[in-house]
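What follows is a set of notes on a single structure, which appears directly below.
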Amino acid sequence: MPIIEVISHPEVKVVGLKYHGKNQAGEIPKLWQEIDQYWDKIQSLDEAAHAGYGISMMDEDFEKAMVFDYIAGFPVLDEEAQQPEDLDAFTIPAGEYAVITVPNLESIMQAYDAVYRWVSQSDEYDLDLSKGNFNFELYGEEFMPNEGSEKFYIYVPIREK
């Protein structure tokens, strides 16, 4: 059983490219390749964060249609900075999150299943949908595929029961 931790995460504004669909043809990995081309165009980029964020946003029809929005992007310091018009933004709210460490990209679906199962079976926590139905992937300094490390984290918002 993977280890799930409860961690506080600060508010972060993320700017990036948005995808809408089911990711049936691997559109999300392609989105990450595209967003890299915007690195020099994003205003007020928080380069010190050394992080990329993949944010999944599900609406009320998600369970039936399995369609969701996904933003692949980077944190910014100034929320008011003018960004390229083809980019979208999402503010990750400060709060408590159930976090699972994902050893590699091949394990992503198993990790999502494990963290959501943990929350559903928890005696202490429920999903916190008060700010929307979302989760995010945090790709930090440990995520270096060219050097053999694909370690990253999945964060799911929670609240005490």
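The values are calculated or read from the model by the stated rules, or taken from the named source; none is laboratory data. What you see is a predicted model; the values in this text were computed from it and never measured. As a convention, Cβ positions derive from the backbone with ideal geometry for all residues, glycine included, and neighbour counts pool all protein chains shown.
What number goes with the only condition from (1) under 14 Å from the mean Cα position of the chain (by Cα); (2) under 18 Å from LYS22 (Cα atoms); (3) in a helix (DSSP H, G or I) that GLY54 does not pass?
Answer for GLY54: the failing condition is (3).
Report yes if GLY52 is without any contact (Cβ under 8 Å) to a residue 60 or more places away in the chain, buried (at least 17 other Cβ atoms within 10 Å of the Cβ) and not charged (D, E, K, R), otherwise no.
Taking the combined requirement at face value, the residue does not satisfy it.
Please specify each residue of the stretch 131-161 satisfying the condition of being farther than 18 Å from LYS13 by Cα, of a type in the set (Gly, Ala, Ser) and surrounded by fewer than 13 Cβ atoms within 10 Å (Cβ to Cβ).
Quick first cut of the stretch 131-161, residues farther than 18 Å from LYS13 by Cα only: 141-152, 158-161.
In the following step, the residues that additionally are of a type in the set (Gly, Ala, Ser) were identified as 148-149.
Passing the criteria: only GLY148.
Specify which of the listed residues (VAL102, VAL76) is closer than 24 Å to SER8 by Cα and either touching an Asp or Glu at 6+ places or on another chain (Cβ under 7 Å) or touching a residue at least 60 places away in the same chain (Cβ under 8 Å) (or both).
Details: VAL102 fails: either touching an Asp or Glu at 6+ places or on another chain (Cβ under 7 Å) or touching a residue at least 60 places away in the same chain (Cβ under 8 Å) (or both).
When all the criteria are applied, what remains is VAL76.
Which ones in the stretch 151-161 are within 19 Å of ILE108 (Cα to Cα) and part of a strand (DSSP E or B)?
Scanning the stretch 151-161 gives PHE152, TYR153, ILE154, TYR155, VAL156, PRO157.
Which of the numbered conditions does GLN83 fail, given that it passes all the others? Conditions: (1) loosely packed, with under 11 Cβ neighbours inside 10 Å; (2) more than 22 Å from PRO157 (Cβ to Cβ); (3) touching a residue at least 12 places away in the same chain (Cβ under 8 Å).
The number of the failed condition is (1).
Can GLN24 be described as loosely packed, with under 13 Cβ neighbours inside 10 Å, free of Cβ contacts under 8 Å to residues at least 40 places away in the same chain, among the polar types (S, T, N, Q) and under 23 Å from ASN146 (Cβ atoms)? Steps first, answer last, please.
Working: loosely packed, with under 13 Cβ neighbours inside 10 Å: yes; free of Cβ contacts under 8 Å to residues at least 40 places away in the same chain: yes; among the polar types (S, T, N, Q): yes; under 23 Å from ASN146 (Cβ atoms): no.
No: the conditions fail for GLN24.
Would you confirm, using the coordinates I've provided, whether LEU31 is within 19 Å of ILE92 (Cα to Cα), crowded, with 16+ Cβ neighbours inside 10 Å and either modelled with pLDDT under 95 or touching a strand residue (DSSP E or B) at 6+ places or on another chain (Cβ under 8 Å) (or both)?
no
Taking the condition of a type outside the set (A, V, I, L, M) and touching a residue at least 12 places away in the same chain (Cβ under 8 Å), does GLN37 pass? Break it down into steps so the answer makes sense when it comes.
Details: of a type outside the set (A, V, I, L, M): yes; touching a residue at least 12 places away in the same chain (Cβ under 8 Å): no.
No, not satisfied.
What number of residues in the stretch 1-28 are β-branched (Val, Ile, Thr), over 13 Å from PHE74 (Cα atoms) and either assigned to a helix (DSSP H, G or I) or modelled with pLDDT of 90 or more (or both)?
Taking the stretch 1-28 first, the residues β-branched (Val, Ile, Thr) are 3-4, 6-7, 12, 14-15, 28.
Those still in the list that are over 13 Å from PHE74 (Cα atoms) too: 3-4, 6-7, 28.
With the extra rule that they be either assigned to a helix (DSSP H, G or I) or modelled with pLDDT of 90 or more (or both), the set shrinks to 4, 6-7, 28.
Counting residues in the stretch 1-28 that are β-branched (Val, Ile, Thr), over 13 Å from PHE74 (Cα atoms) and either assigned to a helix (DSSP H, G or I) or modelled with pLDDT of 90 or more (or both) gives 4.
Take the conditions over 16 Å from ILE28 (Cβ atoms), modelled with pLDDT of 95 or more and over 15 Å from the mean Cα position of the chain (by Cα) and apply them to GLN110. Does it pass?
Spelling it out, GLN110 is indeed over 16 Å from ILE28 (Cβ atoms), modelled with pLDDT of 95 or more and over 15 Å from the mean Cα position of the chain (by Cα).
If you scan the stretch 56-75, which residues turn out to be surrounded by 10 or more Cβ atoms within 10 Å (Cβ to Cβ), farther than 19 Å from TYR155 by Cα and either charged (D, E, K, R) or at pLDDT 90 or above (or both)? Outline the logic, then answer.
Start the filter on the stretch 56-75 by keeping residues that are surrounded by 10 or more Cβ atoms within 10 Å (Cβ to Cβ), which leaves 56-59, 61-62, 65-75.
In the following step, the residues that additionally are farther than 19 Å from TYR155 by Cα were identified as 61, 65-67.
Across the stretch 56-75, the qualifying residue is only ASP61.
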